[in-house]
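The values are calculated or read from the model by the stated rules, or taken from the named source; none is laboratory data. Fair warning: this is a prediction, and the values are worked out from it, not measured in the lab. To get the accessible areas, we keep the full protein, side chains included, count just its heavy atoms, and leave off ligands, DNA and RNA. Shrake-Rupley method; radii C 1.70, N 1.55, O 1.52, S 1.80 Å.
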Amino acid sequence: MRTADVITNATRNAFRSKLRTTLTVLSLFVGAFTLTLTTALGAGVNDYVTTQVATISTGDVLIVTPAASTDTTDGPNAYDPDGRQQSAQANPLGAGTLLNDDDLEAMRDMDGVDRVEPVRQIAVDWVAPASGTDDERYELDVNPTSSIGRSDLVAGDQLDQEADEPQIVLPEDYLDPLGFADADAAIGETVELGYTDATQADRTIEAQVVGVARTSLLAAGAGVNQALTDTIADAQAIPGQPDAYVVAVAYLAGTGDDGVVTAADVDGVKAKLTDADLAGQTVEDQLGVIQTVINGIIGVLSAFSVIALLAASFGIVNTLLMSVQERTREIGLMKAMGMSNGKVFSLFSLEAVVIGFLGSAIGAVAAIGLGTAISTALSAGPLADLPGLTILLFDPVNVLVVILVIMLVAFLSGVLPARRAARQDPIDSLRYE
């Protein structure tokens, strides 16, 4: 029997018992459906995080904070008037200990560090069009890490951190309230910011709109350059209080001839920071924690798919064992006519593969259809504020891998029944009743 005939007969024989085969296919369907959805969920979320990292990180900056204390001695630490201050309130950007000017100087003296800018927190009360009225004022949150990297721009340019003029990158949803026809129309225009200084007096400052940014999960609020930050921070600083900073941003310089910052450069500066009782992380390092949690959740969901596939594999074994028993005389006749043990083994193994292909392919197609509809509905509804997020991303390679894995599981499940069929004695099989 030719190979093509073996494949044809295997496909036909898989449907001899339609009900039994259908139930086995459905059990594989459940595993394939779930595994395809969880794989798409992981691909969609990780793609979004990766894209956001690419838009907000320049790859050559470190977010520096005081190193976490590892002192295990009993009792409180002695007070050092020249030491670091403790934050008076919880801050999501760093620990309770604050950086001081000595820390900044130590960083600036390190090889591989181009410049260091402290992140100074500022509070802006409102934003309005230049010369706007009280009715045109809107609350505004400022992203304290604007200086770390880039914004995901709809229009315009990135902030110039070395410019002397105040600059701002507006969130996209502020265009209509501030009277701008579109993102391009806002570029180059001026807006007015209102804030309260350290004496509780109301102040205003004008800033030029240099860019309009999309709403981002990882970079919320307006972006402001260093000149604008320093002006407001100086006004809001309490007189007589020493300077202290939640975090600082270290801009790195490449040590090679091309000036490109490499992974080795980043690791070298991190080691120097550790020696100075400081800790440095890239944006990728911080977001890696998020991705680890996401991958863990997806791994748990995928485990349920694996359990379904294991249950389905026993169904395949049962289906083929019953098929071998029902076709004992047929097997004996085929072997009596010269069919080799290898051909018999291939015939029953291919039946398992056919069942595996049907279950995985139907499950994957159903998952893609339903998942695409769900993803579209979420993008237009609850996730509309996160442009660029495709919650279920069906990568053809991932879908193909799921199908091939399930076909492999089906093949392995069919090995035992196929070996039993191949080992049958043709004379005994022909006498079987």
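Contact order normalised by length for region 138-230, with contacts defined as Cα pairs under 8 Å and 6 or more residues apart; what percent is it?
In percent, rounded to a whole number, it is 46.
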Send over a whole-number figure in Å² for the accessible area per residue of region 336-433, probe 1.4 Å. 52
Kindly report, to the nearest 10 Å², the accessible surface of residue 349 as traced by a 1.4 Å probe over protein heavy atoms only. 10
Keeping all protein chains in place and using 1.4 angstrom, which order do 423, 137 fall into by accessible surface area, from largest down? 423, 137
With a 1.4 Å probe and every protein chain left in place, tell me how much accessible area residue 191 has, in Å² to the nearest 10. 0
More than 23 Å apart - percent of Cα-Cα pairs taken over region 102-237: 33
Calculate, for region 138-254, the solvent-accessible area per residue in square angstrom, rolling a 1.4 angstrom probe over the heavy atoms of the protein chains. 45
Quick one: accessible surface of residue 230, probe radius 1.4 Å, all protein chains present, in square angstrom to the nearest 10. 50
Of all the accessible heavy-atom surface of region 153-201, with the other protein chains kept in place and a 1.4 Å probe, what percent is carbon and sulfur? 39
Candidate residues 138, 48: accessible-area rank, largest first, probe 1.4 Å: 138, 48
